[in-house]
Each structure stands twice: as structure tokens, then as C-alpha cells.
Amino acid sequence: MSEEEKKLAGIEAAREVEEGGYIGLGTGSTVRYAVEELGRRVRENGLEIKCIPTSADTRILAIKNKIPLTTFEEVHELDIAIDGADQISSDYALIKGGGAALFREKVVASNSKRFIVVVDKSKLSESLDIAVPVEVLPFAWAVVSERLETLECKKSKLRCATGKSGPLLTDNGNYILDASFGRIEYPQKLEEEINDIVGVVENGIFCGMASKIIVGRDGRIEVLQ
């Protein structure tokens, strides 16, 4: 059921895209369905759009689906960004970064007129309580890990790559620390405090950014705004 809910949410988000739009494409399994639907509209309906992907994976998927791409050198503001989330609280704060693309995702979302989040119902929670991904410079990961402890981080773990030994590298050439804080009472405050640590590139808390949240739930769509 979860996969069908993801598909429903992704396709619904793609319907928000209009002719001539500049679109930010996020990263993850739910966004994949939005990208595939946009590709179908490009090929079958002649939809004219240009997109900025947030990861190498999404870039490859967009090219495969014949979606024209652009860059921030060519366009400085996007009409819509479509992305997923790892967890959404009742006041619509997000944790993102499970796909290690959080920095580019936040850049794209911050430079879009509308930020549409697509999830299945399993991602909804009363509060944020999963680990927060923190993108860090490789040179500084150990000291950042120590500094996170001063913010009452219970544990920070260097994310390892799959299929090879050593740390995972983001598309920006950085490391990811997955920092566990337990239940996060004040997400915006924590987001700012983490980013104040020298050596941090960005973290996966997104506060006050979502324009619309599209949820696939029990074979139907629910929209949170």
C-alpha cells in the first residue's frame, strides 16, 4: 500500500506544474513518480518546462524521461519545487536528507515560489524525533560531531557508503552525520543552532518552507496546507 500511496502523491504533485514552468525536482522514491509523470506529459502532451534536479540520481532520471534541464546560472527563481520528506510534524516542520541531498534540496526549496512536499502517510508524526542528517565538510566532521553534543545530541553517526568501504560522499563531496536528538521540541531553533557550527554545510530540518503537503493515504490523496 505504501508504494501505491507514494505514486498517488507524486502524480498529484506533477499536476501542479503548468506550461512554461521552471521546476525544482527533489530526490527520493516518492519524487520519482512525480518525475516520471512530468516526463510522460513532456513526451505525450508537449509540456514545455525546464527543471533543476537536486541530485545526480534525479538528474539521470530526468534525462531518461526526456525532461529539459536548466541551472541557477540561467534561472534565479523556480515556480515550484517538488520533494519528499523523511518525517513531517503536526506543525509541518520537516526532516529531510535520507537520500543525502539535503543541501541542494534546501537551496532549491528556498529559491522556489512554492514548495510542494509529497509523502505517504507513514511519514506523518506528531513531532520530529528521527535522526537529523547534517552535511559536514570532511575536514571537520569529528569536531562537528563533538559540537553537536553541546546541543544535547544523544548520538551522531557518520553515515557509511553502501557497496564500498568508508563514509558516504554527497554530490558536493561532503560527509553526512546522522544526529539523534530524541523528540525535538523546537525544530527551528535547533535548525539554526546546528547551522551555526563551523564546518556544517547544512542540516535536514526544514521549518516554515512547505507551501503544500500532498499525502497518499489509504488509496486517496489528502492535502495539508
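What the table shows:
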quantity: Unmet requirement for residue 164, which otherwise passes all of (1) touching a strand residue (DSSP E or B) at 6+ places or on another chain (Cβ under 8 Å); (2) at pLDDT below 95; calculated: (1)
quantity: Number of the condition not met by residue 75 [criteria: (1) part of a loop (DSSP other than H, G, I, E, B); (2) free of Cβ contacts under 8 Å to residues at least 40 places away in the same chain; (3) closer than 25 Å to residue 15 by Cβ]; calculated: (2)
quantity: Which numbered condition residue 77 misses (of (1) among the charged types (D, E, K, R); (2) farther than 19 Å from residue 111 by Cβ; (3) touching a Phe, Trp or Tyr at 6+ places or on another chain (Cβ under 9 Å); (4) surrounded by fewer than 18 Cβ atoms within 10 Å (Cβ to Cβ)); calculated: (2)
quantity: Filter result for residue 106 (within 19 Å of residue 190 (Cα to Cα) and assigned by TED's automatic domain parsing to the domain that holds residue 37); calculated: yes
quantity: Pairs with Cβ under 6 Å, 6+ apart, first in the stretch 147-169 and closer than 14 Å to residue 203 by Cα, second modelled with pLDDT of 95 or more and hydroxyl-bearing (Ser, Thr, Tyr); calculated: 148/156; 156/145
quantity: Leading residue by the ranking (nearest to residue 112 (Cα to Cα)) among those in the stretch 42-70 that are assigned to a strand (DSSP E or B) and over 18 Å from the mean Cα position of the chain (by Cα); calculated: 50
quantity: The lone exception for residue 82 - which of (1) more than 22 Å from residue 204 (Cα to Cα); (2) aliphatic (A, V, I, L, M); (3) outside any helix (DSSP H, G or I); (4) in contact with a strand residue (DSSP E or B) (Cβ under 8 Å, 6 or more places away or on another chain) it fails; calculated: (1)
quantity: Filter result (over 18 Å from the mean Cα position of the chain (by Cα) and hydrophobic (A, V, I, L, M, F, W, C)) within the stretch 191-222; calculated: 197, 198, 221
quantity: Residue among 47, 61 that alone is touching a strand residue (DSSP E or B) at 6+ places or on another chain (Cβ under 9 Å) and among the hydrophobic types (A, V, I, L, M, F, W, C); calculated: 61
quantity: Sole residue being outside the structural domain of residue 8 (by TED's automatic domain parsing), among the basic types (Lys, Arg), farther than 21 Å from residue 26 by Cβ and part of a loop (DSSP other than H, G, I, E, B), chosen from 147, 183; calculated: 183
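The values are calculated or read from the model by the stated rules, or taken from the named source; none is laboratory data. Since this is a predicted model, take the numbers as computed values, not measurements. With ideal geometry, Cβ positions are generated from the backbone for all residues, glycine too; neighbour counts draw on all protein chains shown.
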